[in-house]
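The structure appears right after this line, and notes come after that.
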Amino acid sequence: MQLTLPCEYSVKEILPAIRALIAEKLVEEKNLSIYKAADLMGLTPAAVENYLKKRRGTAVKELLKRDKEFMDYLEDFSEKVIKQKDSVSLSSYYCILCAEGKKVLNKNGYRLSHCIVESALTTYNFSLKE
């Protein structure tokens with residue numbers, strides 16, 4: 001039996017897909033430069049370029065992109081990224097997006113284990129909205 005930790009799949013597949021979607025929103029929709037997007041996301045310009053050129057974050061990106069509710073969360077988060085200059089304070093929102101991404105994948109046949117944040121999301125009213 002192989003033990004797979006709840007965040008293991010998230011780190012390898014879900015978070016790169018989320019970063020790719022955020023990079024697309026910031027650069028292609030919000031017209032920010034790759035350098036500005038990288039700075040806001042806490043990444044290097046090369047990493048943002050890799051996301052934009054589909055060298056990273058492609059495994060589950062299209063599945064997440066087709067889910068309207070998830071994309072609404074992502075839009076709200078993208079706005080927060082632009083408005084908040086402190087990337088450290090944004091880090092917990094990635095956990096919320098990851099949990100929402102797992103919901104999308106589970107609806108589409110994936111069987112991913114839950115993490116503590118997902119348990120907290122059902123208990124508390126965490127939201128990306130102000």
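No lab work stands behind these numbers, since they all come straight from the coordinates. Since the model is a prediction, treat every value here as computed from it, not as a measurement. Cβ coordinates were reconstructed from backbone atoms using ideal geometry, including for glycine residues, and neighbour counts include every protein chain displayed.
Can you report the principal axis dimensions of the stretch 54-117 using only the alpha carbons, biggest first, rounded to whole angstrom?
If we take the Cα atoms of the stretch 54-117, the spans are 37, 29, 24 Å.
How high is the FRET efficiency from His114 to Tyr35, r the C-beta distance, R0 30 Å, rounded to 0.05?
The computed FRET efficiency comes out at 0.20.
In debye, nearest 20: dipole of the stretch 6-123 around its Cα centre with unit charges on the Cβ of K, R (+) and D, E (-)?
Dipole about the Cα centre, nearest 20: 320 debye.
So for the stretch 6-123, what percent of the C-alpha to C-alpha distances run longer than 22 Å?
Details: 1965 of 6903 pairs.
Here the tail beyond 22 Å accounts for 28 percent of pairs.
Obtain the nm distance between the two label points defined at Lys12 and Thr44 by a simple spin-label model: each point lies 7 Å from its Cα along the Cα-to-C-beta direction.
In this crude spin-label approximation the distance works out to 2.3 nm.
Test of understanding: ordering Val104, Val48 by Cβ neighbours within 10 Å, fewest first, what list do you get?
Result, fewest neighbours first: Val104, Val48.
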